[in-house]
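Notes follow the structure.
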Amino acid sequence: MLGQVIALVVLVLGTAALGVWWSARQGAVRGPRATPAGIDWASSGIALADRVTFVQFSAEVCAACRSTSRVLGGITGSSSGVGHREVLVDDHLELVRTLGVLRTPTVLVVDGGGREVARMSGAVSDTQARQALNRVTTAVAEADGEGQS
Amino acid sequence: MSASKGIDPRGPRVGAGITAVLLASVVLLGASTAGLWLLTFIMLSFLLGTLRGTEGSWQGMLFKRFVRPRLSPPTEMEDRRPPRFAQGVGLFVTAVGVILGFFGLLPAVPIAAAVAFVAAALNAVVGLCLGCELYLLMRRTGLVKA
């Protein structure tokens, strides 16, 4: 019996650690993944916005996709030049493989030129989405600076 | 997606909490016949939840009957498909343990229960749906069809 109790304690502690780790990662803004250049978004039916587009990969069986969709929808409603496109992974398996998307929701932050600037996976909060937007603004400013020098 | 089609998101989480306690009991029972029977019962509960959705499982009914009346109305409703898919994943994991157990491999019983416990406990406590997280990986490898 003692062995089983120890097994259960270890199991509970391991689960708790996993839960903390997972919660901390939810929606965290990360750098872009090295993906092949020249993704043809239009041919996948994803029309990019002028400045920045949140490309959200969702699935029917994904609960966090709903809240993420609401958050991003709210942001695009209040900022100009910012778009939100939600696609089902089931319809875009090739694209999902090319982009290295492993879970839903995964949100790629894509600039007007079609380059990935950042990505987030898991439920995205309003704060995190705005952080990601700032990252795009910074990246664009840097690119402009380089062009002028 | 209309609100009427949704379910109270707290229902599946309460249900997962009940299931997690039962799965922890299986771990405590260890590689024993009693553990095998309890895991079989949990497997059948997952079967019910997979066929009827979480709100149709006995845990869902307990929630509706005893917990929901004591709570304020939910701020938002949840799609019923993600938790139902998770029930299917739970069914698969526990079924592997049960089948191996009935073939005489009793140590498989607490191991399968431990795996299912991680998923159920995380679902109950932090709202993580492990099966849903793995859905895309399973689609990518062709384990699951749309």
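Nothing in this text is a laboratory measurement; each read-out follows from the coordinates by a stated rule. A quick note: this is a predicted structure, and the numbers were derived from the prediction, not measured. Note that each Cβ is placed from the backbone with ideal geometry, even for glycine, and that neighbours are counted across all protein chains shown.
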Discussion item. I want the antiparallel fraction of DSSP beta bridges within the protein assembly as shown, as a percent rounded to 5.
Written reply: 65
Worksheet item: What's the long-distance tail for the protein assembly as shown, i.e. % of Cα pairs beyond 28 Å?
Response: 45
Item to complete: Work out the charge dipole of chain A with +1 on the Cβ of Lys and Arg and -1 on the Cβ of Asp and Glu about the Cα centre, then indicate which of A:2, A:39, A:79 is farthest towards its positive end.
Response: A:2
Fill in: Rounded to the nearest 20 debye, dipole of the protein assembly as shown from Cβ charges on Lys, Arg, Asp, Glu
840
Fill in: Principal-axis tilt of helix B:81-102 within chain B, Cα atoms, nearest 10 degrees
10
Worksheet item: What ranking do B:20-28, A:69-77, B:69-77 get when scored by the average of other Cβ atoms within 10 Å per residue, highest first?
Response: B:20-28, A:69-77, B:69-77
Discussion item. Given Cβ point charges of +1 (Lys, Arg) and -1 (Asp, Glu) and nothing else, what value in debye, to the nearest 20, does the dipole of chain B about its Cα centre take?
Written reply: 340
Worksheet item: Roughly how tilted is helix B:10-29, in degrees to the nearest 10 and between 0 and 90, from the longest Cα axis of chain B?
Response: 10
Discussion item. Using only DSSP helix segments of four residues or longer, with each worth -39500 (n - 2.57), what per-residue ellipticity at 222 nm results for the protein assembly as shown after dividing by its residue count and rounding to 500?
Written reply: -19000 deg cm²/dmol
Practice prompt. Specify the angular offset, from 0 to 90 degrees and rounded to the nearest 10, of the alpha carbon long axis of helix B:130-141 from the longest principal axis of the alpha carbons in chain B.
Written response: 80
Practice prompt. Would you mind working out the magnitude of the charge dipole of the stretch A:1-128 relative to its Cα centre, with +1 at each Lys and Arg C-beta and -1 at each Asp and Glu C-beta, to the nearest 20 Debye?
Written response: 360
Worksheet item: What percent of all Cα-Cα pairs in the stretch B:7-141 falls in each 10 Å bin, counting up from 0?
Response: 14, 44, 31, 10, 1
Worksheet item: Which helices, taking whole DSSP H runs in chain A, have alpha carbons extending 27 angstrom or more along the helix axis plus mean Kyte-Doolittle at least 0.5?
Response: A:2-25
Worksheet item: Just from the alpha-carbon atoms, what are the Rg and Dmax of the stretch A:19-105 in angstroms?
Response: 13.5, 39
Item to complete: Taking every Cα atom in the stretch B:88-134, find the radius of gyration and the maximum pairwise distance Dmax, and write them in Å.
Response: 11.5, 36
